[in-house]
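For reference, the structure is listed below as structure tokens.
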Amino acid sequence: MEFITTVQQMQRYAEQQRCQGRRIAVVPTMGYLHEGHLSLIRLARQHAEVVITTLFVNPTQFAPGEDYERYPRDLERDRRLCAEAGSDALFAPSVEEMYPGGYTTRVSVLGITRKFEGQFRPGHFDGVATIVTKLFLATKPHVAVFGQKDWQQTLVVRQLIRDLNFDIELVVAPTVREPDGLAMSSRNVYLSAQERQQATVLYRALRAAAERAAAGERRRRELVAAMESVLREVPVLVLDYAAAADAYTLEEPELFAPGQEVVLLIAARLGQTRLIDNERVRIPEE
Ligand code: PAF
């Protein structure tokens with residue numbers, strides 16, 4: 001596996017692959033890889049001849065006071081896992097490489113970023129849109145693979161691709177879960193043993209609402225109430241939001257339409273750890 005740390009080397013490598021007629025897939029990550037990331041790399045392989053994984057803990061998507069400094073990092077382990085999963089190249093630039101002195105540009109996606117994560121993490125999606133744009137320009141992919149776990153992020157990237165005319169196909173990969181339902185996340189390492197057990201309540205809450213929706217419940221407030229009632233089983237959980245929204249516009253009508261695709265979203269804090277998760281469900285046709 002190629003190990004690349006500069007934008008110039010990355011662009012040269014990508015250009016060589018393109019000149020040889022090879023399709024490139026990129027898997028953007030912030031490292032501390034787990035099975036969820038590895039599943040993205042394997043899926044990327046099904047869409048392209050060349051898989052480039054990027055590893056960059058992007059400071060601009062963390063608000064002041066968030067976990068940028070303590071975000072888990074282990075480059076050597078990531079390098080090994082990435083190669084084992086079949087990535088052809090790992091692009092792991094430094095902060096100075098991505099944001100050199102004098103850097104002043106920011107990419108902002110409006111609309112879809114206004115609620116949920118955008119509301120609770122001001123500036124987060126500007127940081128994401130900016131770095132994803134830079135990673136696309138560095139890796140020149142035909143396909144980009146993102147995980148459903150960050151559902152709102154996938155909508156932001158979809159909008160970015162459309163608005164900036166990137167000639168890139170977006171592939172959204174299913175969330176990989178622990179056997180007890182907890183969505184895999186690099187941040188799960190922050191959880192104490194007790195919090196790790198309590199954290200399963202997010203998935204149980206999502207499932208409760210998803211089952212109501214699948215059984216024909218179309219009232220948004222009822223779906224949210226179904227999640228909240230399960231989440232109350234863990235009183236120490238601090239809820240940022242539990243919401244049901246149109247899966248693509250994130251609008252929140254009082255009543256969903258038959259056949260409408262709905263996303264159930266939860267963000268909550270357990271001690272020092274902020275967790276997010278979601279489920280998509282289609283309201284049955286009448
Ligand atoms: O989902 C992530 O890990 C990050 O937000 C991303 C897309 C790699 C941008 O830093």
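The values are calculated or read from the model by the stated rules, or taken from the named source; none is laboratory data. Computed from a predicted structure; not experimentally measured. Here Cβ is always computed from backbone atoms with ideal geometry, including for glycine, and neighbour counts include all displayed protein chains.
Listed here are the residues, each with its yes/no results for (1) modelled with pLDDT under 95; (2) surrounded by fewer than 18 Cβ atoms within 10 Å (Cβ to Cβ); (3) within 24 Å of Asp277 (Cα to Cα); (4) within 16 Å of the chain's Cα centre (by Cα).
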{"position": "Phe56", "(1), (2), (3), (4)": "no, no, yes, yes"}
{"position": "Asp67", "(1), (2), (3), (4)": "no, yes, yes, no"}
{"position": "Arg80", "(1), (2), (3), (4)": "no, yes, no, no"}
{"position": "Ala89", "(1), (2), (3), (4)": "no, no, no, no"}
{"position": "Pro100", "(1), (2), (3), (4)": "no, yes, no, no"}
{"position": "Gly111", "(1), (2), (3), (4)": "no, yes, yes, no"}
{"position": "Gly118", "(1), (2), (3), (4)": "no, no, yes, yes"}
{"position": "His124", "(1), (2), (3), (4)": "no, no, yes, yes"}
{"position": "Phe146", "(1), (2), (3), (4)": "no, no, yes, yes"}
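Would it be correct to say that Pro93 is of a type outside the set (A, V, I, L, M, F, W, C), surrounded by 16 or more Cβ atoms within 10 Å (Cβ to Cβ), out of contact with any strand residue (DSSP E or B) (no Cβ under 6 Å at 6 or more places or on another chain) and under 24 Å from Leu160 (Cα atoms)? So Pro93 fits the description; yes. Residue pairs whose Cβ atoms lie under 6 Å apart, sitting 6 or more positions apart in sequence or on different chains, and linking a residue in region 124-138 that is assigned to a helix (DSSP H, G or I) to a partner that is among the basic types (Lys, Arg), are Asp126/Arg106; Thr130/Arg106.
Pairs linking a residue in region 55-73 that is in a strand (DSSP E or B) to a residue that is away from the ligand (no atom under 11 Å from the Cβ), with Cβ atoms under 6 Å and 6 or more positions apart or on different chains, are Leu55/Asp78; Leu55/Ala92. Contact map, region 193-218: residues that are farther than 16 Å from Ala243 by Cα paired with residues that are in a helix (DSSP H, G or I), Cβ distance under 8 Å, separation 6+ or inter-chain. Pairs shown: Arg196/Asn188; Ala199/Asn188.
Restricting attention to region 221-255, the residues that are charged (D, E, K, R) and crowded, with 18+ Cβ neighbours inside 10 Å add up to 1. Does Lys149 satisfy the criteria of being in a helix (DSSP H, G or I) and either closer than 23 Å to Arg70 by Cα or in contact with a Phe, Trp or Tyr (Cβ under 8 Å, 6 or more places away or on another chain) (or both)? Considered against the rule, which asks whether it is in a helix (DSSP H, G or I) and either closer than 23 Å to Arg70 by Cα or in contact with a Phe, Trp or Tyr (Cβ under 8 Å, 6 or more places away or on another chain) (or both), Lys149 comes out as yes. If you check Gln153 against the conditions, is it more than 15 Å from the ligand (Cβ to nearest atom), under 19 Å from the mean Cα position of the chain (by Cα) and either under 15 Å from Phe62 (Cα atoms) or modelled with pLDDT under 95 (or both)? When the stated conditions are applied, Gln153 does not pass them.
Report yes if some residue within region 175-189 is away from the ligand (no atom under 11 Å from the Cβ), under 30 Å from Pro235 (Cα atoms), among the small types (Gly, Ala, Ser) and at pLDDT 95 or above; otherwise report no. Yes: one or more hits. I'm told Arg204 meets every condition in (1) over 24 Å from the mean Cα position of the chain (by Cα); (2) surrounded by fewer than 20 Cβ atoms within 10 Å (Cβ to Cβ); (3) within 14 Å of Glu279 (Cα to Cα) except one. Can you identify the failing condition by its number? Against the list (1) over 24 Å from the mean Cα position of the chain (by Cα); (2) surrounded by fewer than 20 Cβ atoms within 10 Å (Cβ to Cβ); (3) within 14 Å of Glu279 (Cα to Cα), Arg204 comes up short only on (1).
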